[in-house]
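Please read the structure below before turning to the comments.
The values are calculated or read from the model by the stated rules, or taken from the named source; none is laboratory data. Since we're looking at a predicted model, the values are computed, not measured. Here Cβ is always computed from backbone atoms with ideal geometry, including for glycine, and neighbour counts include all displayed protein chains. Surface accessibility is based on the protein's heavy atoms, side chains included, excluding ligands, DNA and RNA. Shrake-Rupley method; radii C 1.70, N 1.55, O 1.52, S 1.80 Å.
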Amino acid sequence: MINFLHSYHPISILVSFGFINIRYYGLFIALGTLAAMAVVLILAKHQQIKQEFILDIAFWLLIWGVIGARLYYVFLELPFYLNNPLNIFKIWNGGLAIHGAIIAGVLVIYWFCKKHQQNFWQLSAIIVISVPLAQAIGRWGNYFNQELFGKPTNLAWSIPIDLINRPWQYLAFSYFHPTFLYESIGNLIIFIILLVLYFALFKGNNLTANKYKLCVMGYLIMYSILRFFLEFLRIDSTPIILNLRFPQFISLLIFFFAGFYLIYVKKNTKKLTKL
């Protein structure tokens with residue numbers, strides 16, 4: 001069983017300075033953000049994009065990414081937050097949804113590129129490659145918050161969950177699937193695949209819009225597959241649509257959108273080549 005810094009006692013607080021608490025959740029979000037930022041700066045240099053431009057958009061992506069992720073999560077748990085509106089602002093207790101961050105991120109990138117006359121797909125590609133790395137690191141915050149775990153299990157890598165954090169249906173169980181770990185590993189694999197794909201596509205100065213689109217859609221497809229199957233293990237509350245958990249439903253929509261878009265791009269490219 002995985003008991004590292006966990007046991008049956010939630011220790012979401014890393015260190016305290018008087019009334020100021022620094023939590024593991026925030027620490028791992030920050031570490032994930034910094035790691036992603038480092039990757040984006042390296043890829044931006046390779047794409048000959050100015051560092052100042054990346055730092056500017058990173059500021060807005062961070063702010064609106066958190067807002068988008070939080071609003072999306074609040075929507076999923078709307079009945080609870082309608083009864084406890086002040087809890088909307090307590091993001092240190094967890095509650096950020098990646099789909100909300102993706103939506104907000106796309107809007108920010110589009111707005112920024114429009115404003116500064118930059119290539120939307122080029123910027124999206126180098127940013128999206130770093131996203132799964134940030135997710136892989138940030139997911140460890142869920143471990144220390146004892147949240148977003150999976151169904152009960154006795155597997156060697158199961159994690160203990162304190163009684164207060166278990167859903168009422170599972171009060172009799174002690175150990176659960178570490179779905180945070182599964183997603184963390186999955187995202188790390190996606191990051192490596194995207195990085196290899198990027199350097200395979202962009203050898204030399206052969207830059208085309210379709211290659212950027214392949215990177216972006218590749219992430220959307222791979223993460224949607226990962227998230228769709230992980231949802232079968234998760235037991236946190238979420239709306240159900242067509243017998244699917246809401247994140248599964250959204251993942252399916254994104255998967256088909258990205259897949260069909262790639263097919264559309266490929267067909268149009270062939271048509272243009274024949275002209």
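Rounded to the nearest percent, how much of the accessible area of the range 74-140 (1.4 Å probe, protein heavy atoms only) is carbon and sulfur?
The computed percentage sits at 69.
Would you mind checking the pairs Lys115/Lys203; Lys50/Lys115; Lys45/Lys267 and listing those with alpha carbons more than 21 angstrom apart?
In this structure, Lys115/Lys203; Lys45/Lys267 exceed 21 Å between Cα atoms.
With mean projected area of the Cα convex hull in nm² defined as stated, name the option among [x] 17.3; [y] 15.2; [z] 22.9 computed from the structure displayed.
The value computed from this structure is option [x].
Using protein chains only and a probe of 1.4 angstrom, how many square angstrom of Tyr143 are accessible, to the nearest 10?
0 Å²
Can you give me the angle between helix 120-138 and the longest principal axis of the chain, using Cα atoms only, in degrees from 0 to 90, rounded to the nearest 10?
It is inclined by approximately 20 degrees.
Report Phe89's accessible area, 1.4 Å probe, all protein chains in place, as a number in Å² to the nearest 10.
For Phe89, solvent-accessible area is about 150 Å².
So what is the calculated 222 nm ellipticity per residue for the chain, using -39500 (n - 2.57) for each DSSP H run with n of 4 or more, over all residues, to the nearest 500 deg cm²/dmol?
After summing the helix terms and dividing by the residues of the chain, the value is -21500 deg cm²/dmol.
Measuring from centroid to centroid over Cα atoms, what is the spacing of the range 189-241 and the range 27-72 in Å?
The distance from the Cα centre of the range 189-241 to that of the range 27-72 comes to 17 Å.
Once you charge only the Cβ atoms, +1 for Lys and Arg and -1 for Asp and Glu, what is the size of the charge dipole of the chain about its Cα centre, to the nearest 20 debye?
For this selection, approximately 1160 debye.
Residues with amide H under 5 Å of Tyr175's amide H, sequence separation 5 or more or different chain, H placed in the peptide plane at 1.01 Å from N; which?
Thr153
On a 0 to 90° scale, report how tilted helix 246-274 is relative to the longest principal axis of the chain, with both axes built from alpha carbons and the result rounded to the nearest 10.
10 degrees
Put a dot 7 Å past each Cα toward the Cβ at Gln51 and Ser237; how far apart are the dots in nm?
Taking the two extended label points, one gets 4.8 nm.
Taking the chain as a Gaussian network, Cα atoms linked when under 10 Å apart, which of Leu253, Leu96, Leu181 shows the biggest mean-square fluctuation?
Maximum among the listed residues: Leu253.
Which residues make up the longest stretch of the chain clear of trypsin sites (Lys or Arg not before Pro) that lie in a DSSP loop with no more than 16 other Cβ atoms within 10 Å, not counting the sites?
That would be 91-202.
Between 0 and 90 degrees, rounded to the nearest ten: what's the tilt of helix 24-46 against the longest Cα principal axis of the chain?
It is inclined by approximately 10 degrees.
Return the whole-Å distance between the Cα centroid of the range 145-174 and the Cα centroid of the range 119-134.
35 Å
Run the numbers on the chain and let me know its relative contact order in percent, using alpha-carbon pairs under 8 Å that are six or more apart.
Rounded, it is 21 percent for the chain.
Relative contact order (percent) for the range 164-265, with alpha-carbon contacts under 8 angstrom and 6 or more residues of separation?
30 percent
Efficiency by 1/(1 + (r/R0)^6): what FRET value for Ile263 and Phe80, r their Cβ-Cβ distance, R0 = 30 Å, to the nearest 0.05?
0.15
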